[in-house]
Amino acid sequence: MGRYVIRRLLQMIPVFFGTTLLIFLMVNVMGDPIAGLCGDRQCDPATAAQLRSEFGLDKPVWQQYATYMGNVFTGDFGTAFNGQKVTELMGTAFPITIRLTIVAIVFEVVIGITLGVITGLRRGRPVDTTVLILTLVVISIPTFVTGLLLQLLLGVEWGVIKPSVSPEAPFNELLVPGLVLASVSLAYVTRLTRTSIAENASADYVRTATAKGLPRRRVVLRHLLRNSLIPVVTFIGTDVGALMGGAIVTERIFNIHGVGYQLYQGILRQNSQTVVGFVTVLVLVFLAANLIVDLLYAVLDPRIRYA
Amino acid sequence: MRGATQAKWAACAVTVALVATACGGGGGGGGGGGGANGIVSSSWGDPQNPLEPANTNEVQGGKVLDMVFRGLKKYDPKTGAATNMLAEKIDTTDSQNFTVTVKDGWTFSNGEKITAKSFVDAWNYGALLKNNQKNAYFFGYIDGYDKVHPDTGSASATKLAGLKVVDPMTFSVKLTQKFSLWPDTLGYPAFAPLPQSFFTDHAGWLAKPVGNGPYTIEKYTKGSSMSLRKWDKYPGDDKAQNGGIDLKVYTDNNTAYTDLIAGNLDLVDDVPASQLKNVKADLGDRYINTPAGIIQTLAFPFYDKKWDTPGGIKVRQGLSMAINRDQITDQIFQKTRTPASDWTSPVLGVDGGFKEGLCGAPCEYNAADAKKLIQEGGGIPGGQLKISYNADTGSHKEWVDAVCNSINKAMGNNKACVGSPVGTFADFRSQVSQQKLTGAWRAGWQMDYPLIQNFLQPLYYTNASSNDGKWSNKKFDSLVDKANAESDKAKAVSTFQDAEKVLAEQMPVIPLWYQNGSAGYSEKITNVALNQFSVPVYEQIKVK
């Protein structure tokens, strides 16, 4: 188990360098960011040259990357164009997005798995069909439609929530955005759980457990669900990274100043320091989430632990 | 199972901690009651640059400076006329050497007295190359600018030679050339005075700027919000009529608009294009749509031989005639733009140099003549007009496509004109400034100060800072020089108009339309207006 973890950690190193380099090159290809800083007028050449050297943009790309990576290891992620440290931006953005992601994951786990278990045990019944149709609807509607619709109905028409989230973004204001963000994944979790449960419901060990006279509740939760969760956990785990990075749309609709907002702003202003910094952290989150998923397998299925 | 329980507890602990910090960070804003102490909440965008007077060149940062600073002059929000604010008087005998006397009795909100030094220090800081101020070129007319801000290399002086403190309340300014309208430029925020704390504790000042305007900054959370409160001891006559302004950064102006409709926000100063159809029904007369000092044009690359031909004039005039401005401003912009018929803006007023119809026939839609003119001029260079624009913001695609449609219809050729999108604004601007474009591109100009000079000289004078197409005309240049040397304002304005007539003859850029400022507000507030820069006049807003 220990060697397995170490191997996984070592694998993270090339992935980390590869992704950051790719992002760095991509942002660089987009052209000269300084030109956009002066609005519709040209920056005067002396100031532009000075800004370029201050942000290190006058050096070749490989050198920029090397300096950048060097700085990153000392915890210096550079400065955004508005004079703020990127670490400072991260300090405000990540807690908000993490909160949003937690809300989304909780919705996925609680609603998704519950619905999955219910439908999986009642295959072909009206409940099953209804939920299947509903998930199909949710999957086929893009997030921004769901988001704008909920915002309009709950925020403007019925006045249940405020249409925009305040800068502090406490948990209670993030419930609706979290649900919107989770919606598509939630549908997938439901379907995955349902299939998995349905498949295992007729397995030998479930029949044995039932034959032993165990209460149904215990059969379902300890035997059936535990064995059916592996694909679901894989999905949720990889979804953590996807949710954090993919929150751009949701964050924009509900005016949440999280990672998605900073990334969007960074890309618009071609601020490579911001974009690369945030993406680097997201890559780390993604890798960590995958590692945790693999470790969770071992918890769910002891056979994997000894393999 | 035990593991799961522990995780749950950890999550709860995190929750409590986060909620607690959120509570600690909150408060302060909100509420405040109505009347003179009422707080107005308003939409905002994240300023692109650090908030320094000489470093702010876009509307979002400018909004704040407008509330926190007062300079020597102020532009009347209605007429645009420059009136003395902190200036007691600005004297000159030769339109080149000026003596500025600062009014007594003004202080910064931290109590520091405003003297001639407050201005001279601030201007020297703004001009110095080392400080990276994006508006440094505003000081370009002052003698010695080329020493503190050379085009290449490093500065050989740290102070502008043309600026001298005469006595505590007086300073003298020497310009490099005659510029009779120069005092009228001093209402621009770049010329604001700065307190000593700006120089001694720069980082601290940036975290919470201190100025001398009707409002003080109470709380500033970078990237998300700013609370401005009325400064009770403000000595000016334009005191705030409300208790303060809460600026909230919106990631998307659609969300700001939704918040306004839901009663969660008082003022939106940029109604999104997609809502223009509903805005009348949603807001009625609480929707403002007034002209701003912004003109949009199509520019051409004169550095490219293809475009710099004798016949090119006819081609450009023909293209201009082929554009149905009325239809496009009606249908695409829902009348938030006005078809342009000169190269300035209606906000200047007739006295300031705006002259409707100065462009004449070339700016009026006439498909038949358009085709004839273009053919006489040798046709569109390269056989196809490509109009470049940035596709990331500002919904330029719609109108560029409409302009091309209009031209294609006039030419009877579906491929005569096509839009050519560029991914980001920064890339678009770098292609423009590096002279990489070989076709036309969308250009826009937001005035710095309501002067006809500002609509002409920076854009069309030979090698001027924003003459991106590198157009050059001796007659135009000499008329501009002559206008700047006129000591009589009316004479100066009419000479500038003579220069503008050269533009009509040569059509170096095609004027498209004047942009309006648009805003919407809630039932809670009254007396809302936009100034010529399309920024709300915050201090006049009254809360019911």
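The values are calculated or read from the model by the stated rules, or taken from the named source; none is laboratory data. The structure presented is a predicted model; accordingly, all values stated were derived computationally and were not measured. All Cβ positions, glycine included, derive from the backbone under ideal geometry; neighbour counts span all protein chains shown. We work out accessible area using only protein heavy atoms, side chains counted, and drop any ligands, DNA or RNA first. Shrake-Rupley method; radii C 1.70, N 1.55, O 1.52, S 1.80 Å.
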Give me the orientation-averaged projected area of the Cα convex hull of the protein assembly as shown, in nm², one decimal. 40.2
Which log10 I(q)/I(0) values does chain A give at q = 0.08, 0.12, 0.14 Å⁻¹ under the Debye formula, counting every alpha carbon as one identical point scatterer? -0.48, -0.93, -1.13
Spelling it out for residue B:225: with amide H atoms placed in the peptide plane at 1.01 Å from N, the residues 5 or more places away or on another chain with amide H under 5 Å from its amide H are B:249
Packing rank of B:67-80, B:346-359, B:166-179, where each peptide gets the mean count of other beta carbons within 10 Å, highest leading: B:67-80, B:346-359, B:166-179
Just grab the label-to-label distance for residue A:114 and residue B:544, each label 7 Å out from Cα along the Cβ direction, in nm (one decimal). 4.3
Evaluate the charge dipole of region B:82-160 about its Cα centre and quote only its size in Debye, nearest 20, assuming +1 on the Cβ of each Lys and Arg and -1 on the Cβ of each Asp and Glu. 260
Please give the Cα centre distance for region B:88-154 versus region B:341-408, rounded to the nearest Å. 39
Hey, what's region A:1-44 come to in accessible area per residue, 1.4 Å probe, Å²? 56
Quick one: 3J(HN,Hα) in Hz for region B:285-295, Karplus 6.51/-1.76/1.60 with θ = phi - 60°, rounded, Gly and Pro as x. 7, 8, 10, 10, 9, 10, x, 10, x, 10, 10
Looks like region A:247-300, by Cα gyration tensor root eigenvalues a ≥ b ≥ c and the a/c under 1.5 rounded cutoff (else prolate when a/b is bigger than b/c, oblate otherwise), is oblate
Ranking request for peptides B:331-338, A:34-41: highest mean number of other beta-carbon atoms within 10 Å first, then the rest in descending order. A:34-41, B:331-338
For the pair residue B:393 and residue A:160, how long in nm is the line joining their label points, each one 7 Å along Cα→Cβ? 3.5
Just from its helices, what would the mean residue ellipticity at 222 nm be for chain A, if runs of 4 or more DSSP H residues each count -39500 (n - 2.57) and the sum is divided by every residue, rounded to the nearest 500 deg cm²/dmol? -22500 deg cm²/dmol
In the structure shown, of B:78/B:482; B:397/B:524; B:305/B:415; B:63/B:436; B:117/B:174, the pairs separated by more than 26 angstrom at the C-alpha atoms are B:78/B:482; B:397/B:524; B:63/B:436
How large is the Kirkwood hydrodynamic radius of region A:144-302, in angstrom, based on all distinct alpha carbon pairs? 18.4
Once you average over the residues of A:149-156, how many Cβ atoms of partner chains fall within 10 Å of each Cβ? 3
Tensor-based shape of region B:191-260 (alpha-carbon gyration tensor, a/c under 1.5 rounded, otherwise prolate or oblate): oblate
Base-10 log of normalised Debye intensity for region B:410-499 (one unit scatterer per alpha-carbon) at q = 0.21, 0.23, 0.26 Å⁻¹: -1.02, -1.11, -1.28
May I ask you to order A:249-257, B:364-372, A:123-131 by the average number of other C-beta atoms within 10 Å around their residues, highest value first? A:249-257, B:364-372, A:123-131
To the nearest 100 Å², how much accessible surface do chains A and B hide from each other in total, with a 1.4 Å probe? 4400
Vicinal HN-Hα couplings computed from phi for region B:503-519 (Karplus, 6.51 cos²θ - 1.76 cosθ + 1.60; Hz; Gly/Pro x): 4, 5, 6, 9, 6, x, 9, 9, x, 9, 7, 8, 8, 9, x, 10, 8
Mean Kyte-Doolittle hydropathy of -1.0 or higher plus an axial Cα length of 20 Å or more: which whole DSSP H helices in chain A meet both? A:2-29, A:86-107, A:126-140, A:175-200, A:226-245, A:272-300
Quickly estimate the mean residue ellipticity at 222 nm for chain B, helices only: each DSSP H run with n ≥ 4 gives -39500 (n - 2.57), and the total goes over all residues, rounded to 500. -9000 deg cm²/dmol
Could you tell me the largest-minus-smallest coordinate of the C-alpha atoms of chain B on each of the three principal axes, in descending order and whole angstroms? 77, 73, 47
Output ³J(HN,Hα) for region B:240-246: one whole-Hz value per residue in order, computed from phi by the Karplus curve 6.51 cos²θ - 1.76 cosθ + 1.60 with θ = phi - 60°, and x for Gly and Pro. 5, 8, 10, x, x, 10, 9
Rank these by accessible area, largest first, 1.4 Å probe: A:105, B:374. A:105, B:374
Partner shielding of B:256-266, as the mean number of partner chain Cβ atoms within 10 Å, equals 5
For region B:158-287, with equal point scatterers placed on the C-alpha atoms only and solvent neglected, what are the log10 I(q)/I(0) values from the Debye formula at q = 0.13, 0.18 1/Å, to two decimals? -0.85, -1.15
Can you list the residues, at least 5 places off or on another chain, whose amide H is less than 5 Å from the amide H of residue B:215, using H built in the peptide plane? B:231
In 10 Å bins starting at zero, report the fraction of Cα pairs in region B:355-433 per bin as a rounded %. 17, 38, 33, 12
Other protein chain Cβ atoms within 10 Å, averaged over every residue that makes up A:266-279: 2
Taking the Cα-to-Cβ direction at residue B:488 and at residue A:218 and moving 7 Å from each Cα, how far apart do the two end points lie in nm? 10.7
Probe radius 1.4 Å, ligands and nucleic acids ignored: give me the carbon and sulfur share of the accessible area of region A:89-194 as a rounded percent. 74
Subset of A:85/B:147; B:306/B:501; B:103/B:159; B:306/B:409; B:409/B:470 violating a 27 Å alpha-carbon distance limit: A:85/B:147; B:409/B:470
Order A:6, B:541, most accessible first, counting only protein heavy atoms with a 1.4 angstrom probe. A:6, B:541
Chain B, accessible surface, carbon-and-sulfur percent (1.4 angstrom probe): 51
Pull out the extension gain between residue A:288 and residue A:4, defined as 0.36 nm times the separation in residues minus the alpha carbon to alpha carbon distance; nm, one decimal. 100.8 nm
